[in-house]
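Take a look at the structure below.
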Amino acid sequence: MIGIMAAMHEELNRIVAMLSDVTEEKVARKLVYIGKLNNKKVSVVFSGWGKVAAATTSTMLIERYAITRLVFTGVAGGIQPHLNIGDIVIGTSFVQHDMDCAGVLGIKRFEIPLLSLTEISSSEILQIKAEQAVNDYLSTDVVSDVDKEELNNLNITNPVIYSGLIASGDQFISSEDKLKELQQALPDLLAVEMEGAAVAQVAYEYDLPFIVIRIISDKANDDSLIDFSRFIEEIASHFTSGIIKRLI
Ligand code: SAH
């Protein structure tokens, strides 16, 4: 069984629509869809937002559905200036940007206490497969799948795929000051969101191969996207379902 977690309802709906033999189960206030995608058994669930929601949901999929892989999709804020709305980031490593026990028993900023780790890596095999799925989607489907006018409105002319460090914390980052602080503290940081590093920690503890794929929805600065839900519905959810179809 492959676990698929989506952080946006619109993405979840489009993924569930691709499944066959679907059944539903309500577990811990979450609706889990169990079915088949490309003849593989999958369980698909809305993760909720934030690290706790992502951690409880990943743990539930592992313990209850014995998943052997975990794929997480959602949107994220771009941190490096060259990232644009509509670009796709594959998370190769993850840090909790709000983890700070610095000064306590020699622990460094960002270090996860007792695990003695600051960054946790995703599965290398899944990184390669995700890159193939994204490249295949971008070179074939994106033109026919997404309304050209919607893409033009947001200046999404040629989405680019990046792989690298993602930071997660229980905070929606939308200020120039916080953005600069993160850029300075984590110079390699590509994108920021609220769940990936929590999924990474659970996956690490359970020794579970996982991957996180994020569509850039904003630039984590003072001008947030004018119409966030329209972007998710008309663009991001198409991207993720097209990518997931290929990855699974
Ligand atoms: N503003 C949106 C809600 C986005 S909520 C709305 O009104 O509908 C947060 C989700 O977006 C989380 O899944 C988080 O991981 C992701 N996200 C996107 N951009 C982010 C940013 N700049 N900072 C933190 N999380 C972000």
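The values are calculated or read from the model by the stated rules, or taken from the named source; none is laboratory data. Source: prediction; values computed, not measured. Cβ coordinates were reconstructed from backbone atoms using ideal geometry, including for glycine residues, and neighbour counts include every protein chain displayed. SASA here: full protein model, heavy atoms, side chains in, ligands and nucleic acids out. Shrake-Rupley method; radii C 1.70, N 1.55, O 1.52, S 1.80 Å.
At-a-glance table
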{"read-out": "Unique residue being within 20 Å of the chain's Cα centre (by Cα), polar (S, T, N, Q), modelled with pLDDT under 95 and surrounded by 14 or more Cβ atoms within 10 Å (Cβ to Cβ) when the list is Ser174, Ser168, Ser163", "value": "Ser174"}
{"read-out": "All positions within the stretch 226-236 that are near the ligand (Cβ under 8 Å from one of its atoms), open to solvent by 20 Å² or more (accessible area, probe 1.4 Å) and touching a residue at least 40 places away in the same chain (Cβ under 8 Å)", "value": "Ser229"}
{"read-out": "Residue match in the stretch 99-108 (condition: open to solvent by less than 10 Å² (accessible area, probe 1.4 Å) and either of a type in the set (A, V, I, L, M) or part of a loop (DSSP other than H, G, I, E, B) (or both))", "value": "no"}
{"read-out": "Residue that is more than 21 Å from Glu10 (Cα to Cα), within 16 Å of the ligand (Cβ to nearest atom) and touching a helix residue (DSSP H, G or I) at 6+ places or on another chain (Cβ under 8 Å), where the choices are Ile85, Ile79", "value": "Ile79"}
{"read-out": "Which numbered condition Pro209 fails, given (1) away from the ligand (no atom under 11 Å from the Cβ); (2) crowded, with 21+ Cβ neighbours inside 10 Å", "value": "(2)"}
{"read-out": "Count - residues of the stretch 23-53 that are in contact (Cβ under 8 Å) with a residue 12 or more places away in the chain and open to solvent by 40 Å² or more (accessible area, probe 1.4 Å)", "value": "10"}
{"read-out": "Members of the stretch 1-22 that are in contact (Cβ under 8 Å) with a residue 24 or more places away in the chain and either polar (S, T, N, Q) or part of a strand (DSSP E or B) (or both)", "value": "Ile2, Gly3, Ile4, Met5, Ala6, Asn13"}
{"read-out": "Residues of the stretch 54-72 satisfying the condition of being assigned to a helix (DSSP H, G or I), open to solvent by 40 Å² or more (accessible area, probe 1.4 Å) and not hydroxyl-bearing (Ser, Thr, Tyr)", "value": "Glu63, Arg64"}
{"read-out": "Pair list, Cβ < 7 Å and 6+ apart or interchain, from the stretch 102-121 residues that are more than 26 Å from Leu208 (Cβ to Cβ) to residues that are of a type in the set (Asp, Glu)", "value": "Arg109/Asp100"}
{"read-out": "Search result, residues across the stretch 34-51 that are within 15 Å of the ligand (Cβ to nearest atom) and either farther than 19 Å from Gly91 by Cβ or assigned to a strand (DSSP E or B) (or both)", "value": "Val45, Phe46"}
{"read-out": "Matching residues in the stretch 184-198 - criterion: being open to solvent by 40 Å² or more (accessible area, probe 1.4 Å) and either of a type in the set (Val, Ile, Thr) or within 13 Å of the ligand (Cβ to nearest atom) (or both)", "value": "Met194"}
{"read-out": "Selection within the stretch 212-225 - away from the ligand (no atom under 11 Å from the Cβ) and at pLDDT 90 or above", "value": "Ile213"}
{"read-out": "Matching residues in the stretch 1-22 - criterion: being under 21 Å from the mean Cα position of the chain (by Cα), over 25 Å from Val192 (Cα atoms) and open to solvent by 60 Å² or more (accessible area, probe 1.4 Å)", "value": "Ala17"}
